[in-house]
Every structure is written in C-alpha cells, then in structure tokens.
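Before any comments, here is the structure.
The values are calculated or read from the model by the stated rules, or taken from the named source; none is laboratory data. Not measured: the values here are computed from a predicted model. Glycine gets a Cβ as well: all are built from the backbone with ideal geometry, and neighbour counts include every protein chain shown.
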Amino acid sequence: MMNKEINYEIKNWNDISADYINGSLIIGNGASIALHNKFAFSSLKEVAEQNDLFSNDISKLFTEFDTNDFELILRLVWHAKLVNNHLGVTDTKTDEAYENLKNALIKIVNEVHCVHSDIASQLPQLYEFTKRFRTIVSLNYDLILYWVLMYGNRVQDGHKFKDCFQGEGIFSSNWEDMRKPIYQQKEVTLSFYQHGNLSIFRDAKNIESKLQRSKFSDLLDIISTQWADDKIPLFVAEGTGTKKLESIKSSPYLSTVFYEVLLDLITQKANLVIYGWGMGEQESHLVNQIFRSNHNSKVAISSYDKNQEECHRIHSLIKTIASNIEVEFFDSQSAGCWNNP
C-alpha cells in the first residue's frame with residue numbers, strides 16, 4: 001500500500017506551463033480518447049472478434065502463435081502471401097486469410113476512428129498547445145496528430161511542423177538537421193510516431209514511406225485506396241514490451257525514433273510533458289529509454305482521475321531510473337492543455 005502521508009499535488013497546467021516552453025511532448029492514447037471516446041478500446045483483436053470479423057482460420061492463427069497482436073499476425077500472413085506470389089505458388093487459404101485481416105482492419109478503423117469533421121473545431125486549441133514544443137512523439141497510430149500538423153502548417157504565423165518525411169514520403173535519416181528554420185519560418189516543431197501510423201506504409205523490401213496529403217482526406221480513403229498487396233501499414237499494436245520492441249527493431253523508421261529521438265527528449269534545455277500515457281508495464285522499454293537522461297530536468301505528467309496511488313507508481317518508476325529528474329503532475333482537464341481552452 002502507498003504511504004498515506006504521501007500526497008502528490010495535481011497542478012493546473014497554466015501554473016507550470018512556462019517551464020515547458022520549447023520542451024518535448026509525448027502523447028498517449030488518453031490524448032486521443034479526450035477527443036473521441038471510441039478510441040478507448042482494449043485491443044484491435046477484441047474489436048474484430050466482437051464484430052465477428054475473423055474467419056476460423058484467422059482465429060486459429062492467434063491461438064497457434066499465442067498472441068493478441070493484430071499487427072504481428074497481419075505481417076506474418078502478408079509475408080507468406082508475398083513468398084507464395086514470388087514462387088508462383090497458388091495458395092487460396094493464405095490469400096483469403098490476408099484479405100480477411102486487411103478488411104477487418106479497415107472495418108475496425110471505420111468503427112473506432114473519428115472523421116476529421118468530428119474534431120475540426122478543436123484543432124485551433126490543439127495547435128496552440130502543441131506548437132509550444134520543439135519535439136513531439138506520438139505513441140498512437142491514429143491520425144489525430146497528422147491532422148493537427150496539417151492544420152498548423154496552414155496557419156501563417158511563422159511556425160512549422162515537420163515530420164521529417166520528405167520527397168516521395170521518405171523519412172530523412174538526418175532528421176536533426178530539419179530543426180533549423182528556413183525561408184519564412186521562425187520556429188520548428190519536429191514530430192514522430194513511435195508506434196507507426198496508419199498513414200505510413202512499408203513494402204516487401206522494408207522501404208517505408210508516408211502518404212503525403214494536401215487535403216484532410218478521410219482515414220479510410222488513405223488506408224483502403226493506398227493499401228496494395230505489396231505494402232502494409234506500419235504500426236505497432238498490442239503485445240508485451242518485448243514483442244513491441246521486436247516490432248520497433250524491424251523498422252528503420254521506428255528504430256530511429258526509439259534509439260535517437262527518445263534519447264533527445266530530455267536535455268539540459270528541454271523539459272518533458274507527457275499527456276495521456278499511463279506508462280504501463282507493456283511499455284517499459286519506452287520508459288527506460290526516455291528516462292536514461294542524466295540531465296537535471298523536469299517532467300510533467302497529466303492525471304485524469306487524480307489517483308494518488310497511480311501518481312506514486314509513476315513517480316517511483318521514473319525516480320528509479322533517473323533520480324535527478326523532478327516529477328510533477330497536472331490535471332489533464334485543466335485550462336490550456338491539449339484540447340482544453
């Protein structure tokens with residue numbers, strides 16, 4: 001049990017925000033749920049099962065591989081289909097399994113994901129909050145941050161969001177160079193997707209690219225019209241921390257974010273804000289990587305229900321890894337943070 005004398009102050013965002021200007025921001029699933037409550041699903045697999053989207057063969061695959069990881073099974077069946085195609089092997093069961101998984105994902109996204117018009121009125125506030133940071137890492141694979149960046153880059157105020165995907169949607173390995181403002185830019189915020197994104201695809205040669213859009217396209221249009229048999233969306237879904245790290249290592253883009261960007265979130269000049277991420281056991285690989293910093297910096301963590309035991313768990317977790325980092329908590333629904341005006 002937590003020591004009853006311990007009482008973590010849950011502050012208002014506006015009372016601490018000045019300490020985090022030009023810092024870093026991590027957004028978790030709670031940030032998406034704050035905008036659209038259907039994002040509060042437990043797993044893609046469970047949503048598919050609840051809607052009877054899986055054939056018996058697909059259900060057997062999850063059982064045989066002893067996993068609930070939708071992305072893993074999708075990737076395994078996709079690889080099998082590619083091998084069969086290149087060898088000229090006719091295998092209708094593999095083809096049918098792949099189509100089943102592909103269509104299931106599209107239907108799940110249609111079920112749980114908001115459309116752009118649902119959050120359009122909140123984009124100005126989301127932009128004002130996110131543009132104060134110099135680095136943003138999203139742990140979600142939905143399109144929320146994608147839409148915020150598109151909105152922000154239409155505002156003519158000298159600020160520029162860059163996700164470091166350049167010509168033909170290819171990620172720049174020299175991502176740090178893109179921090180420098182060019183042309184009429186006054187300040188730049190770099191953004192990254194640690195768990196991938198439904199707008200990022202990888203092909204059979206593991207070449208990754210992001211779909212570039214000048215308009216607020218519907219999510220389903222992006223997935224269904226661009227998802228050909230030679231590529232699949234790049235995202236990390238369910239699974240243990242070990243399994244998630246294996247998926248991250250399999251991707252050049254996700255590896256760069258993990259091994260380079262996460263280590264740069266906390267510096268002597270940059271404090272860190274975490275919004276909507278509970279830092280659960282299944283994401284211990286991220287926690288350990290982020291808080292390897294030896295800098296005397298601060299981290300502010302949002303709290304939705306002001307649960308003192310949860311605050312104590314997170315505080316102890318961080319302090320065990322980085323004793324020199326000052327930890328504070330703020331009300332996720334207080335004025336000025338995320339979508340709260």
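List of remarks:
- Filter result for SER302 (touching a Ser or Thr at 6+ places or on another chain (Cβ under 7 Å), outside any helix (DSSP H, G or I), modelled with pLDDT of 95 or more and among the hydroxyl-bearing types (Ser, Thr, Tyr)): yes
- Residue that is surrounded by the fewest Cβ atoms within 10 Å (Cβ to Cβ), among those in segment 75-101 that are touching a Ser or Thr at 6+ places or on another chain (Cβ under 9 Å) and touching a residue at least 12 places away in the same chain (Cβ under 8 Å): GLU96
- Test result for ALA237, surrounded by 19 or more Cβ atoms within 10 Å (Cβ to Cβ), of a type outside the set (Lys, Arg) and either in a loop (DSSP other than H, G, I, E, B) or outside the structural domain of ASP95 (by TED's automatic domain parsing) (or both): yes
- Test: ARG179 is surrounded by fewer than 16 Cβ atoms within 10 Å (Cβ to Cβ) and assigned by TED's automatic domain parsing to the domain that holds TYR146: yes
- Taking segment 75-189 and the helices (runs of 4 or more DSSP H) fully enclosed by it, the elements with 2 or more residues that are aromatic (Phe, Trp, Tyr) are at 123-130, 144-152.
- Segment 16-60 - residue that is in a helix (DSSP H, G or I) and without any contact (Cβ under 8 Å) to a residue 24 or more places away in the chain and, of those, nearest to LEU262 (Cα to Cα): ALA18
- For the condition touching a Phe, Trp or Tyr at 6+ places or on another chain (Cβ under 9 Å), closer than 30 Å to LEU72 by Cα and not assigned by TED's automatic domain parsing to the domain that holds ILE26, ILE232 qualifies.
- Applying the set (1) assigned by TED's automatic domain parsing to the domain that holds ARG154; (2) in a loop (DSSP other than H, G, I, E, B) to PHE192 leaves exactly one unmet item: (2).
- Qualifying residue in segment 126-144 (condition: of a type outside the set (Phe, Trp, Tyr), over 21 Å from ASP229 (Cα atoms), surrounded by fewer than 16 Cβ atoms within 10 Å (Cβ to Cβ) and at pLDDT 95 or above): yes
- From the list SER117, SER55, the one residue that fits, being out of contact with any strand residue (DSSP E or B) (no Cβ under 7 Å at 6 or more places or on another chain) and under 21 Å from LEU220 (Cβ atoms), is SER117.
- When the test is whether a residue is small (Gly, Ala, Ser) and in contact (Cβ under 8 Å) with a residue 12 or more places away in the chain, GLY196 passes it.
- Residue in segment 264-279 that is part of a helix (DSSP H, G or I), in contact (Cβ under 8 Å) with a residue 12 or more places away in the chain, surrounded by 20 or more Cβ atoms within 10 Å (Cβ to Cβ) and β-branched (Val, Ile, Thr) present: no
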